[in-house]
Ligand SMILES: [Zn+2]
């Protein structure tokens, strides 16, 4: 009986902590935006936002002084397939759009693995419209050298060139993409990260542009839904986004536009994936000796 009561008490405390942290996040959001958008020496100063920084919020300038929008700041999300934007990046896109950032999406394939490329391109544009990205800011690369295929090795040189052209053409300030784990482990996702590591290692990313990678978490954490929030909160990250029930409905609606992808397990994903509610990002890390270009 004592054990049962202890478990119930722990669950209750955990749920209260989720609620408190969510409310705390809403107050911290302007500061988080400042960390990614307003630093004059962004690449040098991009350090991990420590737990201390989060609690030091009240000792900084007033919230009013810190409140900036991302007006005129251009953000680029780089993905591999149609549906990556809502399965993995929806919380971030929704929060950035809400903050008046100009969000662009670069999707490096048409998702043609089952010969549904044309349909999937339309689905992607529809999904982006729901998330707040207009069609003229969505670019889908349909190149035979970049097939939607978990066995295909995407050329680092080709991806790097496409990404760099896009960053320069749209004067991008912030790029968000996959980390070395690719979130789902898909090799096309990981290929994008390798290209960014290459670009960072050779200093090709413009000085006023930051690159942050979506953190790949363990499968246990991945399917805790919003209950994962306390774990993400206490671990270091450079930038993080959390959304509430109303925004979650929009994220879900965006995923429902990908009609060709709505298999039963993806419906479960919508319910249980933490990435539908929470995104955490880290600065890209580069070990020059391991970066190969081919
Ligand atoms: Zn993908």
**Request:** Please list, ordered by first then second residue, the pairs with beta carbon atoms under 6 Å, 6 or more apart or interchain, first in the range 83-96 and within 10 Å of residue 254 (Cβ to Cβ), second part of a helix (DSSP H, G or I) and within 11 Å of the ligand (Cβ to nearest atom).
**Result:** 83/261
**Prompt:** Among 38, 67, which is the only one that is modelled with pLDDT under 75, in contact with a helix residue (DSSP H, G or I) (Cβ under 8 Å, 6 or more places away or on another chain) and farther than 22 Å from residue 139 by Cβ?
**Reply:** 67
**Residues that are at pLDDT below 90, surrounded by 20 or more Cβ atoms within 10 Å (Cβ to Cβ) and under 16 Å from residue 33 (Cβ atoms), drawn from the range 231-249** = 238, 240
**Item:** Residues of the range 164-192 satisfying the condition of being within 16 Å of the ligand (Cβ to nearest atom), touching a helix residue (DSSP H, G or I) at 6+ places or on another chain (Cβ under 7 Å) and either within 20 Å of residue 74 (Cβ to Cβ) or outside any helix (DSSP H, G or I) (or both)
**Value:** 176, 177, 178, 179, 180, 182, 183, 192
**Request:** Look at residue 220 and say whether it is away from the ligand (no atom under 14 Å from the Cβ) and touching a residue at least 12 places away in the same chain (Cβ under 8 Å).
**Result:** no
**Complete:** With criteria (1) modelled with pLDDT of 95 or more; (2) crowded, with 23+ Cβ neighbours inside 10 Å, residue 101 comes up short on (1)
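The values are calculated or read from the model by the stated rules, or taken from the named source; none is laboratory data. Predicted model, so just to flag it, every value in this text is computed and none were measured. Neighbour counts run over all protein chains shown; Cβ positions are idealised from the backbone, glycine included.
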